[in-house]
Every structure is written in C-alpha cells, then in structure tokens.
Amino acid sequence: MRVFDTERQEWGGSRRERLFHVEQYLDLPRQRNALQRTAVVLAVCGVAFGTWALAWKDEPEPYRPPSQEAPVDPGATDDGAAGEGTTADPSVTASPSPPSGYEALDDSEGFRIALPEGWSRDSGPSQYGIDIVEYRAPDGVRRIQVFQLMEDSPYASVVEARATASKLDGYQEIHVQYVPDPSGNEAAEHEYTADELSGEPAAGSAYHVIDHRFEAVDGERYALIAYGAQDDGAEDERELLDTARAWFCPPSTQCPAPEPS
C-alpha cells in the first residue's frame with residue numbers, strides 16, 4: 001500500500017508504508033502469541049462472569065419475620081366459642097324456690113307467703129291492719145291463718161291469746177316461749193292441743209296448733225297460726241309454719257327469696 005507524504009507532497013514507497021503501519025508487518029509468531037493471550041483473558045473473564053451469575057441465582061431470599069397473628073381454632077364458632085357450645089357462667093345462679101310441693105304466692109293483701117300447692121283461700125275483716133287471711137287444705141282440716149297484730153309485743157300478744165285458748169275443751173299446753181325468727185326481731189310461740197276449735201267442726205281427734213307471732217322487717221307485727229290433726233304427728237304443722245314464715249314478706253316491702261335451709 002502506498003502512503004502520501006504530506007511534507008513532500010508525494011506518494012511514498014513501501015518503506016514509508018511500514019513506518020506508518022508497523023503492526024501490519026510484525027512477524028507471524030508474535031501475532032499468534034498476541035492472539036493466544038487475548039483468548040486466555042477472554043476465557044478467564046467468561047468463567048468469572050458465569051460463577052458470579054450462578055451465585056446470584058442461588059442466593060436465598062431476604063429474611064421475613066413470621067406473622068404475629070394468633071392461630072385460629074378450627075373448632076371455634078362465630079361468636080368465639082370453641083367446641084360444641086358455650087359453658088354456663090358460674091356467677092349466674094338460679095333463684096331459690098320453695099320446697100317440693102309448695103308454691104310462693106303474692107296475696108291480694110300485699111304479703112308474700114309459701115304454701116302447699118292446691119290450697120284454697122278465704123278472708124274476713126280485721127279490727128287492725130290487713131284482713132284476716134286463711135288458706136285451707138283440700139282435706140278441710142289443715143289450714144293457716146295470717147293477720148296483723150294490734151299489740152306492741154309478739155310475746156304479749158301470745159300470752160293474751162293463750163288466755164282465750166285455755167278455755168277450749170281438752171286444752172293441753174305444750175309451750176309458751178320466745179323463739180328465734182328469721183328477721184332477727186322479737187318472736188314468740190304458743191303451741192298446744194285441744195279437742196275443739198272455735199268455729200270448726202269436730203275433727204275426730206284433737207287439734208294441734210302452733211301460734212307464731214313476730215315482728216317483720218317492716219317493723220309491724222304479724223301472726224301465722226298453723227292448724228292440723230294431732231293423730232298424724234306435729235311434724236306437718238311445723239313444716240307448714242316454718243315454710244310460710246321463711247317466705248313471708250310484709251306488704252309494700254321488697255324481700256329476697258330465702259336461701260334453702
């Protein structure tokens with residue numbers, strides 16, 4: 001290849017060409033060595049790049065903390081209860097009820113009382129306070145009276161009533177005494193038997209009577225008198241009286257139901 005000499009403004013010969021393009025006139029062995037070195041460098045670079053690419057691909061994902069949500073109970077219902085249903089609240093208890101065979105009654109005179117089921121009611125005028133109320137069993141013998149006292153003391157009222165009862169045929173006194181009362185106030189009792197009772201037909205046996213007089217939570221004094229036949233024992237009249245007294249609540253008063261004894 002000829003080269004134009006700018007200084008001399010003429011085309012130069014082959015010698016000048018070699019001065020301008022020295023690399024084209026190197027010997028063949030040196031060119032081969034240069035090519036081999038270049039290939040080695042490219043191969044090393046290729047291996048390095050491949051190693052880096054594989055390492056990047058296998059790099060683990062960044063750490064993520066586990067979820068903080070509570071595990072869901074598969075047995076829970078929509079309202080949060082697990083299993084087959086909810087359990088009863090131990091703080092909720094059923095209201096007390098009278099003994100078996102008895103019922104609590106709110107009398108029209110305003111008081112509450114508990115009596116055997118199926119008894120009939122009757123009433124009559126009184127000289128003081130509420131009417132005299134009487135509940136009677138279907139047999140016609142067992143009964144209980146409720147009325148209000150004029151006397152200031154239950155014991156004084158019992159003593160006065162004994163003076164009248166002692167005139168009955170076959171009267172036998174069992175006791176006249178102060179007795180405990182659920183209200184914690186004064187209470188007294190007159191227990192006796194008699195062959196007759198005023199206004200009652202002959203029973204075929206002696207009567208058994210428990211006359212209980214007491215001061216209630218309203219500060220007023222009342223009487224509960226249980227009547228029955230003597231020949232069947234005294235237990236039924238005692239149960240009748242004790243149940244009636246435990247559930248008795250005077251008029252215009254709020255009383256809790258008594259706890260079972």
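Among the candidates SER198, SER157, the residue that is polar (S, T, N, Q) and either farther than 26 Å from GLY129 by Cα or in contact (Cβ under 8 Å) with a residue 40 or more places away in the chain (or both) is uniquely SER157.
Taken over the range 218-241, the criterion of being within 17 Å of ALA206 (Cβ to Cβ) and basic (Lys, Arg) is satisfied by ARG238 alone. Within the range 209-250, restricting attention to residues that are in a helix (DSSP H, G or I) and of a type in the set (Gly, Ala, Ser), the residue that is farthest from TYR192 (Cα to Cα) is ALA246. For the range 178-216, filtered to residues that are open to solvent by 30 Å² or more (accessible area, probe 1.4 Å) and closer than 17 Å to CYS249 by Cβ, the residue that is modelled with the highest pLDDT is GLU215.
Checking each residue in the range 121-138 for being open to solvent by 20 Å² or more (accessible area, probe 1.4 Å), over 11 Å from ASP107 (Cβ atoms) and outside any strand (DSSP E or B) picks out PRO125, SER126, GLN127, TYR128, GLY129, PRO138.
Residues that are under 16 Å from GLY129 (Cα atoms) and touching a residue at least 60 places away in the same chain (Cβ under 8 Å) were ranked within the range 217-247; the one that is surrounded by the most Cβ atoms within 10 Å (Cβ to Cβ) is ARG221. Number of residues in the range 152-170 that are over 16 Å from ALA188 (Cβ atoms) and buried (at least 16 other Cβ atoms within 10 Å of the Cβ): the value is 1.
Entry remark, the range 91-120: residues being assigned to a strand (DSSP E or B), farther than 20 Å from TYR227 by Cβ and open to solvent by less than 60 Å² (accessible area, probe 1.4 Å) number 2 in total.
The values are calculated or read from the model by the stated rules, or taken from the named source; none is laboratory data. Just so it is clear, the model here is predicted, and its values are computed rather than measured. Please note: Cβ atoms are built from the backbone with ideal geometry, for glycine as well, and neighbour counts cover all protein chains shown. Each accessible area value is taken on the protein alone, full model and side chains, heavy atoms only, with ligands, DNA and RNA left out. Shrake-Rupley method; radii C 1.70, N 1.55, O 1.52, S 1.80 Å.
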